[in-house]
Amino acid sequence: MESAYLLSQLGPIEINMSNNGIASVSFIEHIPENHIAPASLSDCLSQLDEYFSGKRKEFSLPLAPEGTSFQKQVWQELQTIPFGEKRSYLDIALKLGDKNVTRAIGAANGKNPLAIIIPCHRVIGENGKLTGYAGGLWRKEWLLDFESKKRQEKLF
């Protein structure tokens with residue numbers, strides 16, 4: 001497993017890559033001192049940088065998140081939510097064909113190992129309220145506001 005770090009507007013981010021692709025992207029407290037990013041993660045670092053500068057709306061990276069087949073199905077569906085848009089847990093459940101799995105959708109969303117790249121922050125409660133986010137609700141709110149503003153800039 002190789003690791004790289006990025007200092008973003010939301011704080012430090014750790015990126016881990018396995019032999020199969022990006023395995024995790026998560027928020028951390030501190031970047032280790034004297035860390036040198038491996039060349040294998042330069043594309044991921046560049047794409048995240050482009051995202052935070054408003055130049056990228058989708059990621060094109062080899063992904064290798066570990067999870068159950070249901071979790072992977074949910075994570076795949078999350079990647080279809082367009083930049084700057086939101087969906088409810090019920091919306092995702094209906095897309096997967098079973099309105100009764102909203103809690104399981106929420107659990108899978110919470111286990112997403114690829115923050116930002118698999119945009120679990122775009123999933124909100126059916127009532128429009130922000131619900132849990134592993135990186136903290138303040139980060140979810142920031143990401144949604146950021147994407148909404150960048151989307152509006154493109155429309156006008």
**Message:** Charges on Cβ only, +1 for Lys and Arg, -1 for Asp and Glu, centred on the Cα centroid of the range 40-100; of ALA93, SER42, LEU63, which one is farthest towards the dipole's positive end?
**Reply:** ALA93
**Prompt:** So how tilted is helix 42-52 from the main axis of the chain? Cα-based, degrees 0 to 90, rounded to 10.
**Reply:** 50 degrees
**Request:** Sum up the charges of everything whose Cβ sits under 15 Å from the Cβ of PRO38, counting Lys and Arg as +1 and Asp and Glu as -1, but leave PRO38 out.
**Result:** -3
**Item:** Length released on extending from LYS111 to LEU94, taking residue separation times 0.36 nm less the Cα-Cα span
**Value:** 4.1 nm
**Prompt:** So which GluC sites (Glu not before Pro) in the range 1-109 pass both tests, a DSSP loop state and at most 14 other Cβ atoms within 10 Å of the Cβ?
**Reply:** GLU29, GLU33, GLU58, GLU66, GLU85
**Asked** Against the longest principal axis of the chain, how steep is helix 69-78, in degrees 0 to 90 to the nearest 10, with axes from Cα atoms?
**Response** 90 degrees
**Prompt:** Given LYS72/LYS129; LYS99/LYS140; LYS86/LYS111; LYS95/LYS129; LYS55/LYS99, which pairs have Cα atoms separated by over 27 Å?
**Reply:** LYS55/LYS99
**Request:** Select from LEU130, SER3, GLN79 the residue farthest towards the positive end of the dipole of the chain; place +1 on Cβ of Lys and Arg, -1 on Cβ of Asp and Glu, and compute about the Cα centre.
**Result:** LEU130
**Fill in**
In Å², rounded to a whole number, the accessible area per residue of the range 36-155 with probe 1.4 Å is 54 Å²
**Fill in**
Taking only Cα atoms of the chain, the Rg to Rh ratio with Kirkwood Rh works out at 0.96
**Asked** Per the helix-only calculation at 222 nm, which mean residue ellipticity applies to the chain, given -39500 (n - 2.57) for every DSSP H run of n ≥ 4 and division by its residues, nearest 500 deg cm²/dmol?
**Response** -11000 deg cm²/dmol
**Request:** Using a Förster distance of 25 angstrom, determine the FRET efficiency expected from the C-beta separation of PHE83 and GLU2, and round it to 0.05.
**Result:** 0.35
**Request:** Heads up, I need the accessible area for ILE31: 1.4 angstrom probe, whole protein in place, Å², nearest 10.
**Result:** 70 Å²
**Fill in**
In debye to the nearest 20, the charge dipole size for the range 100-152, taken about the Cα centre with +1 at each Lys and Arg Cβ and -1 at each Asp and Glu Cβ, equals 60 debye
**Request:** Treating only the Cβ atoms of Lys and Arg (+1) and Asp and Glu (-1) as charged, compute the dipole magnitude of the range 1-117 about its Cα centre; round to the nearest 20 debye.
**Result:** 540 debye
**Complete:** Within the chain, excluding any trypsin sites (Lys or Arg not before Pro) found in a DSSP loop (not H, G, I, E or B) and having at most 13 other Cβ atoms within 10 Å, the longest uninterrupted segment runs 56-128
**Prompt:** Tally Lys/Arg at +1 and Asp/Glu at -1 over every other residue whose Cβ is under 15 Å from the Cβ of ASN100; what's the total?
**Reply:** 0
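The values are calculated or read from the model by the stated rules, or taken from the named source; none is laboratory data. Everything numeric here is computed off the predicted structure, so don't read it as measured data. Methodologically, a virtual Cβ is constructed for each residue, glycine included, from the backbone with ideal geometry; neighbour enumeration extends over all protein chains shown. To get the accessible areas, we keep the full protein, side chains included, count just its heavy atoms, and leave off ligands, DNA and RNA. Shrake-Rupley method; radii C 1.70, N 1.55, O 1.52, S 1.80 Å.
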